[in-house]
1. Checking the structure you have, find out if any residue of segment 365-375 is under 17 Å from residue 314 (Cβ atoms), surrounded by 21 or more Cβ atoms within 10 Å (Cβ to Cβ) and among the polar types (S, T, N, Q).
2. In segment 21-45, what residues are among the aliphatic types (A, V, I, L, M) and either in contact (Cβ under 8 Å) with a residue 60 or more places away in the chain or touching a Gly at 6+ places or on another chain (Cβ under 8 Å) (or both)?
3. Could you list, ordered by first residue, the pairs with Cβ atoms under 7 Å in which the first is in segment 243-258 and part of a helix (DSSP H, G or I) and the second is modelled with pLDDT of 95 or more, at least 6 apart or interchain?
4. From the residues in segment 257-280 that are among the β-branched types (Val, Ile, Thr) and more than 13 Å from residue 347 (Cβ to Cβ), which one is modelled with the lowest pLDDT?
5. Could you list, in sequence order, all residues of segment 54-72 that are part of a strand (DSSP E or B) and of a type in the set (Val, Ile, Thr)?
6. Among the numbered criteria (1) within 30 Å of residue 68 (Cβ to Cβ); (2) modelled with pLDDT under 80, which single criterion is violated by residue 202?
7. Are there any pairs, at least 6 apart or on different chains, whose C-beta atoms fall under 6 Å, with the first in segment 54-83 and more than 30 Å from residue 156 (Cα to Cα) and not assigned by TED's automatic domain parsing to the domain that holds residue 187 and the second part of a loop (DSSP other than H, G, I, E, B) and at pLDDT 85 or above, and if so, which?
8. Taking into account only those residues within segment 242-289 that are polar (S, T, N, Q) and touching a strand residue (DSSP E or B) at 6+ places or on another chain (Cβ under 8 Å), which is nearest to residue 317 (Cα to Cα)?
Amino acid sequence: MNTIVMQKLGDMEEGKILNWLKKEGDTIKKGEPVAEIETDKVNIEMESFVEGTLRKILAPAGQSVPVGAEIALVGDPNEPLEEPPAAPAPSAAPQRESAQGTRPAPTPMRETEHVTGAGAAAPSGNGRTAPAAAPQPQPVAQARTGAAVEGERVFISPIARRIAAEHNLDLSQIQGTGPNGRIIREDVEAFMRQQPAAPAAAPLPAFAPAPAIAAAQPGEEVEAIPLTPMRKTIARRLSASMQQAPHFYVTMSIDMGKATALRNQINDFAQTEQEPIKVSFNDLITKAVARALTRMPQVNVSFNTDTLLLKKRINIGLAVALEQGLIVPVIHDADRKGILEIAREARRLIDAAHNNRLKPEDFQGGTFSISNMGMYGVEEFTAVINPPESAILAVGAIIPTPVVIDGQVVVRDRMKVTLSVDHRAIDGATAARFLQEVKRLLEEPMGMLV
């Protein structure tokens with residue numbers, strides 16, 4: 001009997017099963033989607049690495065599951081199912097109470113379709129998990145003691161460890177509710193909520209953000225809307241970006257007359273292709289940015305404490321607004337693609353984002369991002385850098401604007417763009433020269449084709 005486990009789909013510690021695409025008794029083939037998973041970035045279909053008959057669903061729709069945890073059994077239609085143990089083995093982790101009820105001790109390991117380090121307990125010397133004294137059941141809202149340890153090692157997820165370190169928490173006082181007693185982020189946050197408030201006079205670091213006070217005023221009617229995993233990730237990443245990366249902004253106005261004419265010519269030709277495609281202004285901008293990055297690779301970098309990481313590939317992220325938040329799918333190797341290739345890839349990524357069909361590789365590996373709000377009539381804005389990148393281009397609307405040319409006032413289609421850069425990695429003069437190159441390519445767009 002094989003198992004399907006919660007795969008690590010991008011940078012996540014757990015995923016929520018939105019719905020099963022297969023039901024018990026259905027046949028599953030390798031590479032076939034079996035469930036739709038909500039991660040902290042996007043909803044995504046999870047494929048199976050095994051084939052056979054779906055014998056039993058272990059995690060129903062609506063349940064959040066840690067990475068590496070078993071969610072379904074797959075095997076021969078006549079193969080008997082394993083019976084759950086009547087009682088936990090002496091060396092198994094004790095039962096613990098959670099918001100969903102009592103968590104049973106883990107069943108013996110089966111052959112799995114996928115193995116990851118996250119969410120799996122390390123074995124002890126005799127191959128079993130380390131024994132722990134069984135605590136009395138108690139509500140999760142109460143402070144609990146006794147972290148899951150083996151010798152001197154504490155089983156804790158990376159993000160939970162980081163949060164605990166930032167707040168100088170004693171891990172031995174935090175009870176883990178993850179697989180085999182592993183401490184996860186929710187455990188740390190629940191423990192922090194039970195701690196007494198710090199004295200008012202306690203100094204805060206200069207970079208610590210002020211607490212957000214959003215309590216309803218007397219007589220005010222409000223509705224508390226829980227944050228989705230995607231919205232939580234957006235809040236965390238962009239807050240960190242603004243706090244850690246000193247943003248610097250450069251704005252230029254670009255004459256889009258020739259780019260408009262070229263776009264019309266390309267679209268006339270594209271309609272005669274075997275697979276017709278309509279090229280957008282954003283496709284032209286993506287091509288111009290990719291070409292500019294080949295000529296100024298010092299912008300295609302990431303800041304890494306005491307080094308700059310010069311990226312050898314040019315992967316352009318496109319900010320896509322979804323109902324539940326923002327996702328940035330990536331056009332990989334944009335400098336090696338023609339305008340029609342970029343247009344087709346952009347359409348595929350945007351459609352996949354809106355229909356929850358993105359794969360992890362579709363939104364990973366970006367080295368530079370573009371955020372276009374021109375379609376909303378926005379004339380000019382600044383964008384927050386998408387870490388670990390060092391720059392993002394904010395694109396406004398194309399607007400007929402009176403300008404002076406050769407002493408005459410004429411109307412031209414102008415577009416304002418603003419480059420946000422991480423000043424730790426990119427200087428203002430470098431940012432200005434890069435934007436000049438983007439401007440040159442869009443005002444003389446034949447330079448993108450030759």
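1. The answer is yes, given that some residue of segment 365-375 is under 17 Å from residue 314 (Cβ atoms), surrounded by 21 or more Cβ atoms within 10 Å (Cβ to Cβ) and among the polar types (S, T, N, Q).
2. Here is the first cut: in segment 21-45, the ones among the aliphatic types (A, V, I, L, M) are 21, 28, 34-35, 37, 42, 44.
Within segment 21-45, 28, 37, 42, 44 meet the criteria.
3. Hits for this filter: 257/412; 257/413; 258/443; 258/444; 258/445.
4. Taking segment 257-280 as the starting set, the residues that turn out to be among the β-branched types (Val, Ile, Thr) are 260, 266, 272, 277, 279.
Next cut, more than 13 Å from residue 347 (Cβ to Cβ) only: 260, 266, 272.
Numbers: 260: 97, 266: 96, 272: 92.
Checked segment 257-280; the qualifying residue modelled with the lowest pLDDT is 272.
5. Pass one, segment 54-72, residues part of a strand (DSSP E or B): 54-57, 64-66, 70-72.
Hits for segment 54-72 are 57, 65, 71.
6. Exception for residue 202: condition (1).
7. Partner pairs satisfying both residue conditions: 54/22; 54/24; 54/26.
8. Going through segment 242-289, the residues polar (S, T, N, Q) turn out to be 243-244, 251, 253, 260, 264-265, 267, 271-272, 274, 280, 282, 286.
From what is left, the residues that are touching a strand residue (DSSP E or B) at 6+ places or on another chain (Cβ under 8 Å) are 251, 253, 260, 282, 286.
Numbers: 251: 20, 253: 22, 260: 23, 282: 12, 286: 9 Å.
This residue is 286.
The values are calculated or read from the model by the stated rules, or taken from the named source; none is laboratory data. Just so it is clear, the model here is predicted, and its values are computed rather than measured. Positions of Cβ are backbone-derived with ideal geometry, glycine not excepted, and every protein chain shown enters the neighbour counts.
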